[in-house]
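To start, the structure itself, in structure tokens.
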Amino acid sequence: MSTILVLEDDRELNQTMTYALEKEGYHVLSAYSCEEAKELSKQRTLHLAILDVNLPDGDGFQFCSWLKNKKQTPVLFVSARDLEEDVLFGYEMGADDYVTKPFSIKVLLKKIYVILSRKPQGANVYDDGFLKVDFELGTVRQGAEECLLTPTEYRILKKLLENKGKLLTYSVLLDSLWDEGVQLTDKHTLAVNINRLRKKIETEDHSYISNVYGMGYLWK
């Protein structure tokens, strides 16, 4: 499930967008000020930020710059500022799209779908601002620190990331790993390796792998 930050000080519009996004299955974090949005963005991995420009304690351009310095989150501006220089400046600040008010919710949802469907930074890199996995180099990092994984742990990580948000049953995961030369034979051995992997890549604030009891695992 993708997490989307909505930074909009118009409460009615914020609630309208939040309702529409949640109805589409997204997890939404609603904020009405830059300060509130900063606190929310520190707590969760964001897959998209929807930003108004005119805000009570700053503007969306400044927040976009702050966010891009922290993590490479896609940004969609939604603003009444429709002058050409405003739109161009939004793109210069790193926006993936810029929508002027008033707008169609259906069009907004389609633009969000298109942005979230894009492959990040190339298909061989996963980077959420905290954890970075480069499949071409075979490296796993938390910030500047390298995570040293065993070949089995690395294969499990790769398989889970290739199927983000999808439940991999024990049998499917074991079979696919076996086909790639990882000879895990039972759920217990798989669980031991996944627990070791979690200790290396997860922290109290960053949890990635979920065990669906009695069924399998998924990358949240």
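The residue that is nearest to V78 (Cα to Cα), counting only those in the stretch 1-60 that are polar (S, T, N, Q) and part of a helix (DSSP H, G or I), is N14. Across the stretch 169-191, the qualifying residues are those that are open to solvent by less than 70 Å² (accessible area, probe 1.4 Å) and more than 28 Å from the chain's Cα centre (by Cα), and the one among them that is farthest from W219 (Cα to Cα) is G181. Please verify whether S65 is in contact with a helix residue (DSSP H, G or I) (Cβ under 9 Å, 6 or more places away or on another chain) and touching a residue at least 12 places away in the same chain (Cβ under 8 Å), treating the condition exactly as stated. For S65, the condition - in contact with a helix residue (DSSP H, G or I) (Cβ under 9 Å, 6 or more places away or on another chain) and touching a residue at least 12 places away in the same chain (Cβ under 8 Å) - is not met. K164 meets each of the listed conditions (1) surrounded by 11 or more Cβ atoms within 10 Å (Cβ to Cβ); (2) at pLDDT below 90; (3) farther than 29 Å from R44 by Cβ apart from (3). Considering the stretch 25-47, and only residues there that are of a type outside the set (S, T, Y), touching a strand residue (DSSP E or B) at 6+ places or on another chain (Cβ under 6 Å) and within 15 Å of N14 (Cβ to Cβ), the residue that is surrounded by the most Cβ atoms within 10 Å (Cβ to Cβ) turns out to be A37. Among the residues making up the stretch 85-136, those that are in a helix (DSSP H, G or I), open to solvent by 40 Å² or more (accessible area, probe 1.4 Å) and closer than 18 Å to N69 by Cα are F89, Y91, E92. Beta carbons closer than 6 Å, at least 6 apart along the sequence or on distinct chains, pair a first residue in the stretch 45-62 that is closer than 30 Å to Y208 by Cβ with a second that is of a type outside the set (S, T, Y) and assigned to a loop (DSSP other than H, G, I, E, B) for T45/D128; L48/P74; G60/D52; G60/V53.
Applying a threshold of 6 Å to beta carbon distances and a minimum spacing of six or more residues, or different chains, the list of pairs starting in the stretch 123-141 at a residue that is closer than 18 Å to I156 by Cβ and ending at one that is of a type outside the set (D, E, K, R) and open to solvent by 60 Å² or more (accessible area, probe 1.4 Å) reads F135/N124. Considered as a group, the residues in the stretch 143-157 that are modelled with pLDDT of 90 or more and surrounded by fewer than 17 Cβ atoms within 10 Å (Cβ to Cβ) include one that is farthest from K187 (Cα to Cα), and that residue is E146.
Hey, could you check the stretch 192-220 for residues that are part of a helix (DSSP H, G or I) and in contact (Cβ under 8 Å) with a residue 12 or more places away in the chain and say which is most open to solvent (accessible area, probe 1.4 Å)?
R196
Annotation note: Cβ proximity below 8 Å between a residue of the stretch 89-105 that is touching a residue at least 24 places away in the same chain (Cβ under 8 Å) and a residue that is open to solvent by 50 Å² or more (accessible area, probe 1.4 Å) and assigned to a helix (DSSP H, G or I) (sequence gap 6+ or interchain) occurs for I105/T16.
The values are calculated or read from the model by the stated rules, or taken from the named source; none is laboratory data. Note that the structure is a prediction, hence the values are computed from the model and not measured. Cβ coordinates were reconstructed from backbone atoms using ideal geometry, including for glycine residues, and neighbour counts include every protein chain displayed. When the accessible area is computed, the model is the full protein with side chains, heavy atoms only, and any ligands, DNA or RNA have been set aside. Shrake-Rupley method; radii C 1.70, N 1.55, O 1.52, S 1.80 Å.
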